[in-house]
Amino acid sequence: MIKLCHIDEIEEGQSRGFDINQHSLFAIKKDCQIYVYRNHCPHLGVELNWQEDQFLDMDGALIQCSSHGALFLIESGECVSGPCINQQLQAIPFSITDGTISVEL
C-alpha cells in the first residue's frame, strides 16, 4: 500500500492530485466520504485537471475534464455529460487507516 495523505489534508468538497510511481491519481472528499480515481479521461486519455488539485466543476458537484468539459459523478466516476457519456473513470482501490489514505497500485 502506498500512502497518499491524511484525510484532513483534503477539505470537504475539494479534490487533491497525486503523482506516485508514474501514476497520476486524485482524491475527492464529499459528504465526509473519500473517492480515489486515476487522473485519466476515458475520451481523450488526457489528465482531467488544468490546474493543480482542480478536478471539480464550479459548483463542486461533479468531476470535470478540463479538455472538453465532460462531467462525471463523484460517487461512481460515471460520465453523465460530454463525449464519453456512459463511460467511467477508473476507481482506485484504497483504504483508510488511522486517518491515512493508502492506495494499492
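For the chain, count all C-alpha to C-alpha pairs, find those more than 22 Å apart, and express that count as a whole percent of the total.
Beyond 22 Å sits 23 percent of the P(r) for the chain.
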Exercise. For the range 22-39, take each phi angle, set θ = phi - 60°, evaluate the Karplus expression 6.51 cos²θ - 1.76 cosθ + 1.60, and give the result in whole Hz per residue in order, putting x for glycine and proline.
Key: 6, 10, 9, 10, 8, 10, 10, 10, 9, 6, 6, 10, 9, 10, 10, 9, 6, 7
Quiz prompt | Percent RCO, i.e. relative contact order, over the chain, from Cα pairs under 8 Å lying at least 6 residues apart | solution = 27 percent
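We did not get these values from a lab; they are worked out from the coordinates using the rules stated. If you're wondering where the values come from, they're calculated on a predicted model, not measured in any experiment.
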